[in-house]
Amino acid sequence: MIIAGLIATGLAAAIHLFIFYLESIAWTTPRALAVFGMSPQEAEATRTMAFNQGFYNLFLAVAVIVGTVVLAVGHTAVGATLVFTGAGSMVAAGLVLILSSPDKTSAALKQLVPPLVGVVLLAVGLAGVL
């Protein structure tokens, strides 16, 4: 279960790295415009906000990645704490998106389901170890 949880949270980290790329690097490109359903004018007007928001996604992904590595080398408490913090924050951010913009529920579910599955599997796996 621990490995399955880490795979799911790793997938969530990869998704958040992609979101970082779109928001902080490629915000005004045709691909980002299509993904976020924006006009070039909207993208330009929100460029600074998106740049900042993208880094939040990067930091969440980094927490999960570092936590996975730390857990893999045997520091279970510290590694699991980092994974739970990063992935739990991803879940919370997805819930905030659903509550604040119900029209973005599909995007929010893509953002929150993998880390939620990972957190549950990791918790079950660690409970069996403790």
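Quick look at the values:
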| quantity | calculated |
| --- | --- |
| Net +/- balance of residues flanking Phe36 in space, Cβ distance below 10 Å, scoring K and R +1, D and E -1 | 0 |
| For the stretch 1-58, projected area of the alpha-carbon convex hull averaged over all directions, nm² | 4.0 nm² |
| Value at 222 nm in deg cm²/dmol, rounded to 500, when DSSP H runs of n ≥ 4 in the chain each add -39,500 (n - 2.57) | -28000 deg cm²/dmol |
| Cα-based helix-to-principal-axis angle, 47-72 vs the chain, degrees rounded to 10 | 10 degrees |
| Least to most buried among Glu44, Glu23 (fewest other Cβ within 10 Å first) | Glu44, Glu23 |
| Listed values [x] 34, 30, 27; [y] 57, 33, 24; [z] 53, 27, 18, entry calculated as Cα extents along the principal axes in Å | [z] |
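Throughout, read-outs are computed from the coordinates displayed, never taken from laboratory work. Bear in mind that the values here come from a model prediction, so they are computed numbers and not experimental data. Cβ coordinates were reconstructed from backbone atoms using ideal geometry, including for glycine residues, and neighbour counts include every protein chain displayed.
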